[in-house]
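Notes follow the structure.
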Amino acid sequence: LRMGEPLKSIELKHPSGSSATVYPFGATVTSYKAPHEVLFVRPDAKFDGSKPISGGIPHCFPQFGPGKIQQHGFARNLVWNVKDVSADEPDMPSVTLELTETEETMAMWPNKFKCTYVVGLDEEKLNCELRVTNTDSKPWDFQAALHTYFAVSNIDKCEVRGAFKGSEHLNRMDKPPSKTKESREAIRFDKEVDSCYEGVSGQVVLFDEVKPEQSVTIRNLAGWEDTVLWNPYGNEGMGYKNFACVESVKAAKPAVLAAGETWISRVSIIPGAAK
Ligand code: TA6
């Protein structure tokens, strides 16, 4: 990758008419058409490798949010290796990307690892599987997330439904961040929201009241344990009115891997609101 050059991407197409676009840079899925666009790419996104792609499904690894290393870690900033492309496989076109340590990552985070990310399209959903293996001879821990930007008709007219009520809610809008129990069943974005719902996973629905068919179901099947909701309310440059970040996260309790161990996560993104 040379700075300033346009990035390459891979296109997956399902015979049913859906498609997805995946960039090896950051292993970022930038589009999922089913056939309407489910994801959102911010108008200020850069596609030249100068910064992470702001939109679609960026990775956060090995750190979520601010901390010892760069915000959200380095995985979204590096070119992943394309291990396999079965873009025309009729049942499930997919791409497999891999990221392993380099001198550059070892200087930031001194652990040997392998991340394997499989993105596949089937008839009714987009499947994302991230596996993290400790290839080192010592244990280490990490946080991870799929920082997904979903397209919504109007941020004021959508809500997120899931097992929020009664969960521990880390509110990053408070300085310092506060922790309270959430009292609402569904969460709305009526101001800037940056919330980590600890232990909220499983099925989460982003419901679009303007166009119910634009709603989306996030089905966390393995690995992901927390849900982060984010919208920079009022930031026109980011196109805040038309997206909501509903993120599949493993952060409240970092994952600990012994030498040779693998952590597995799976999430499906399903157009429409499941009950
Ligand atoms: O996941 C929420 C969050 O960490 C927010 O705090 C906000 O900073 C957002 O992600 C975007 O982060 P970025 O580094 O992509 O600008």
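Heavy-atom accessible area, probed at 1.4 angstrom with all protein chains present, ranks Asp194, Asp88, Asp156 as Asp88, Asp156, Asp194, highest first. Our compactness index for region 162-274, the C-alpha radius of gyration over the empirical 2.2 N^0.38 Å, is 1.13.
Pairs of C-alpha atoms in region 51-152 farther apart than 19 Å represent 47 percent of all such pairs. Among Gly67, Gly55, Gly239, the residue with the largest mean-square fluctuation in a Gaussian network model of the chain, with springs joining Cα atoms closer than 10 Å, is Gly67. For Lys68, the lysines whose Cα comes closer than 27 Å to its Cα, not counting residues fewer than 8 places off in the same chain, are Lys46, Lys51, Lys112, Lys114, Lys138, Lys175, Lys179, Lys250, Lys253.
Anyone know which of Val256, Val22, Val216 comes out most mobile in the 10 Å Cα GNM of the chain? Most flexible of the set in this elastic network: Val256. Residues of region 147-164 with an amide N closer than 16 Å to a point placed 7 Å from the Cα of Val210 along the Cα-to-Cβ direction: 150-160. Protein heavy-atom surface of the chain, 1.4 angstrom probe: 50% of the accessible area is carbon and sulfur, with nucleic acids and ligands not counted. Using a probe of 1.4 angstrom and keeping all protein chains present, the accessible surface of the chain works out to 44 square angstrom per residue. The relative contact order of the chain comes to 18 percent, based on Cα pairs under 8 Å that sit 6 or more residues apart.
A simple spin-label model places the labels of Arg184 and Asn235 1.9 nm from each other, with each point 7 Å out along Cα-to-Cβ.
Accessible surface of Lys241, taken over heavy atoms with a 1.4 Å probe and every protein chain present, rounds to 90 Å². Restricting the calculation to Cα atoms, region 10-271 shows an Rg/Rh of 0.95 when the hydrodynamic-style radius is the Kirkwood one.
The values are calculated or read from the model by the stated rules, or taken from the named source; none is laboratory data. Every value quoted in this text rests on a predicted model; they were computed, and no experiment measured them. Neighbour counts are summed over all protein chains in view; Cβ atoms, including those assigned to glycine, are modelled from backbone coordinates with ideal geometry. What goes into the accessible areas is simple: the full protein's heavy atoms, side chains included, and nothing from ligands, DNA or RNA. Shrake-Rupley method; radii C 1.70, N 1.55, O 1.52, S 1.80 Å.
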